1. Just to be sure before I move on: is ARG265 among the charged types (D, E, K, R) and in a helix (DSSP H, G or I) in the structure I sent?
2. Residue check, GLU314 against (1) of a type in the set (Asp, Glu); (2) within 15 Å of the chain's Cα centre (by Cα); (3) farther than 24 Å from ARG188 by Cα, all met but one. Which one?
3. With the requirement that a residue be buried (at least 20 other Cβ atoms within 10 Å of the Cβ) and without any contact (Cβ under 8 Å) to a residue 60 or more places away in the chain, what does the range 268-278 give you?
4. Against the condition touching a Ser or Thr at 6+ places or on another chain (Cβ under 6 Å), at pLDDT 95 or above, closer than 15 Å to VAL407 by Cα and surrounded by fewer than 24 Cβ atoms within 10 Å (Cβ to Cβ), how does ILE350 come out, does it pass?
5. Limited to the range 383-411, what total is found for residues that are among the hydroxyl-bearing types (Ser, Thr, Tyr) and open to solvent by 40 Å² or more (accessible area, probe 1.4 Å)?
6. Listed residues ASP310, ASP331; which is open to solvent by 10 Å² or more (accessible area, probe 1.4 Å), within 23 Å of LYS45 (Cβ to Cβ) and not small (Gly, Ala, Ser)?
7. Looking at the structure I just gave you, is GLY156 crowded, with 21+ Cβ neighbours inside 10 Å, in contact with a Ser or Thr (Cβ under 9 Å, 6 or more places away or on another chain) and in a loop (DSSP other than H, G, I, E, B)?
8. Filter the range 35-93 down to the residues that are touching a residue at least 24 places away in the same chain (Cβ under 8 Å) and of a type in the set (D, E, K, R), then identify the one that is farthest from ILE129 (Cα to Cα).
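The values are calculated or read from the model by the stated rules, or taken from the named source; none is laboratory data. Remember, predicted model here, so these are calculated numbers, not experimental data. Cβ sites come from the backbone with ideal geometry, for glycine too, and all protein chains shown count toward neighbours. These accessible areas exclude ligands, DNA and RNA; they are computed on the full protein's heavy atoms, side chains included. Shrake-Rupley method; radii C 1.70, N 1.55, O 1.52, S 1.80 Å.
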Amino acid sequence: MGYLKEHINQQTDPAAVLRDGKEILLQGFNWESHKYNWWNNLETKVPDIAKSGFTSVWLPPPYHSFSPEGYTPQNLYSLNTKYGSERQLKALLQKMKQYRVRAMADIVINHRTGTTQGHGGSYNRFDGIPLAWDERAVTSCTGGLGNRSTGAVFQGFPNIDHTQDFVRKDIINWLRWLRYDVGFQDFRFDFAKGFSAKYVREYIEGANPLFAVGEYWDTCNYKGSSLDYNQDSHRQRIVNWIDGTGQLSTAFDFTTKGILQEAVRGEFWRLRDTQGKPPGVMGWWPSRSVTFIDNHDTGSTQGHWPFPKDHIMEGYAYILTHPGVPTVFYDHFYDWGNSIRDQIVKLIDIRKRHGVQSRSPIRILEAKHDLYSAIIGEKLCMKIGSGSWCPSGREWTLSTSGHNYAVWHKY
């Protein structure tokens, strides 16, 4: 009964999901997915996704957009997109529910593509579609009659003015529709730098997703083309954003990604900060850190900030054994061959089997140029890098190993 009660709690109580810390996310698309009858493709994979141990799948924006990828939304209430029809989307969501895998909606509310020209000749009105806002809904810095933006500006499109009460009311109703009528349980907030975190808090409180994550993507600290060892100011900005959401949202750990993709090139000293902790958001606030190797922007066919291809398993050996909430990218799992996929599944299984969760304690043992090793929780130990290392003590048993990584456990 205890298990059942806990499971029901996780299905309905956002606080329980964050407290539990057992999430493992799959980003279920890449930049080209809109070309491939995507909802149908994913529906066939749901049993495998569930079996592999994923708790939630981040889906691309499921509503109408000017561009096929979904990131320039227009009619927010139309669920017919290049990814598939409303019927196909609902079939996918039903299948996910059946297999107890949550669906995460990509929430793009920083900007919106206008339908008609208004003030100043800009396409800053939304006539003829649901949420038929006028120019007051658009920030003054992007051609509207609203207030100035409360964050960074997304160029080339009308940016939504979240200071307007009517805008926020409409957004909350729309989010509640996605949550309770369409059937998405989790939210990912796109371009979270673009509007104040306090509005994200209001939207989460209004729609009550079980799990929320924000994309607060800021540039790491570089000297020329060389990444600084100290990224404290970078992770502090992400932590401040999480705080601004009332701690209700997690955030993608761009700090960890930036550091990890340099570390695997033979600079593993980067993976221990001056306090002896992990150097990303994971080291400061692991229960709110969503770790990842690549996504549809950094990798895929966009490749804005890619992880080195021949080191991705060292990357996964790190994030799947460490605190934080790990995310696996669709391409790595389904397009890079069975060997990579099998290795990732093995690491997920080890994480679950040995009770590693988002808040697990970590003790870093080595962090030098060719080697990083750590003990996570009581029962797991790992190393990455070309340097030779194994834990002292006969109680440790090898759980799995691959090119430049190994994981051990003890009972």
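1. Numbers: among the charged types (D, E, K, R): yes; in a helix (DSSP H, G or I): no.
Here the answer is no, as ARG265 does not meet what is asked.
2. GLU314 satisfies every listed condition except (2).
3. Hit for the range 268-278 is ASP273, nothing else.
4. Numbers: touching a Ser or Thr at 6+ places or on another chain (Cβ under 6 Å): yes; at pLDDT 95 or above: yes; closer than 15 Å to VAL407 by Cα: yes; surrounded by fewer than 24 Cβ atoms within 10 Å (Cβ to Cβ): yes.
Spelling it out, ILE350 is indeed touching a Ser or Thr at 6+ places or on another chain (Cβ under 6 Å), at pLDDT 95 or above, closer than 15 Å to VAL407 by Cα and surrounded by fewer than 24 Cβ atoms within 10 Å (Cβ to Cβ).
5. Step one: list which residues in the range 383-411 are among the hydroxyl-bearing types (Ser, Thr, Tyr), which gives 386, 388, 392, 397, 399-401, 405, 411.
Now narrow it down to the ones that are open to solvent by 40 Å² or more (accessible area, probe 1.4 Å): 386, 388, 392, 397, 401, 411.
Total satisfying the criteria: 6.
6. ASP331 is the lone residue from the list that is open to solvent by 10 Å² or more (accessible area, probe 1.4 Å), within 23 Å of LYS45 (Cβ to Cβ) and not small (Gly, Ala, Ser).
7. Taking the combined requirement at face value, the residue does not satisfy it.
8. LYS45
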